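Derivation of every value follows stated rules applied to the coordinates shown; laboratory data play no part. It should be emphasised that the depicted structure is a prediction, and the values quoted were computed from it without experimental measurement. As a convention, Cβ positions derive from the backbone with ideal geometry for all residues, glycine included, and neighbour counts pool all protein chains shown.
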Amino acid sequence: KTPDCNPVDPEVPGPGDCASEAWASLARNVDDLHILYIADRQAGALDESGWTINPVNYLRIPGGTTDDPYLCASPPPVYAGSLDSNAGPCGYYELTTGDEVSTTLRLYNTGPGPMTGTITGLYTDPSDPPGWLRIDGVDTADYSVPSADSSTAVVTLTAASLTPGLYEGRVLVSHNDHLQASPDTLSITLAVDWCPCLADPECDGVTDVLDVVKTVNIAFRSTPPEYDAFCAFARTDANCDEVTNVLDVVWIVNVAFRGADPATQFCAPCPQ
């Protein structure tokens, strides 16, 4: 016991001068403190003090008190967070200029105490145009999750002011779970107009005879290939093997004239 934080009266009536309180028990999770303890009227081993009849005492300390010796620490939260995995097969979100896409940030609190913090969207390159990564419509949003509960926030990616290219961002989630690092960092990648004309060398949104002619010219007639900005593959490189040859001609012919599904014929290039 310390003099400045003693929850019971140190003067226990008894025959000796060595009274003490011992063998206390307390529930693991409580609102009020419910303490059961032995008021030992003559401390020491049996051969030191003899037999005494000792009361078993109950002490209740209200959890909301502001008295320093009796102040109860707030129970902690347990944090977990994740972004829904609705990105493309390369792990990034792909948009054309002017479009937007949303995903869901999920926050979980499995602890006994409330969880609070902020969610912030940041750009890896500070020179990125502002506003392409937003949290519930703003750059930074506060949140609160009760005990044993969850919450969500909408993360929106907008390509309205972005030029073709690859954009790296981070969603930072601060929290009051002191057993884990804060903020938690969740990475997010956006590709804008990434290889928009792959397997469509005319770049008119349809694979037809004009695209077949261009592919044949590049594969067999030494015509130089055409590339889109930020794309490592030529427009006629339908299988993304970095060369335009007979295989690309066959695949583009399959889509243009034989009703093949572009999703099964053409590759989906990931950033290089």
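Taking θ as phi - 60° and the Karplus parameters 6.51, -1.76 and 1.60, the scalar couplings of the stretch 129-145 work out to x, x, x, 7, 10, 10, 10, 6, x, 9, 6, 9, 10, 7, 8, 8, 10 Hz in sequence order, x denoting glycine and proline.
I need the calculated FRET efficiency for the pair E226 and D139, taking r as the beta carbon distance and R₀ as 35 Å, to the nearest 0.05. It comes to 0.35. Under a model in which nothing but the beta-carbon of Lys, Arg (+1) and Asp, Glu (-1) is charged, the stretch 208-272 shows a dipole of about 180 debye around its Cα centre. Distance between the modelled labels on S174 and T97, one decimal in nanometres: 3.7 nm (7 Å Cα→Cβ projection).
When only alpha carbons are used to place a centre, the stretch 135-186 and the stretch 194-272 end up 38 Å from one another.
Here the contact order of the stretch 134-272, divided by its residue count and restricted to Cα pairs under 8 Å and six or more residues apart, works out to 17 percent.
Each label point was placed 7 Å from the Cα along the Cα-to-Cβ direction; for A148 and L122 their separation is 3.5 nm.
Computed from the C-beta positions of E242 and S74 and an R0 of 51 Å, the FRET efficiency is 0.30 to the nearest 0.05.
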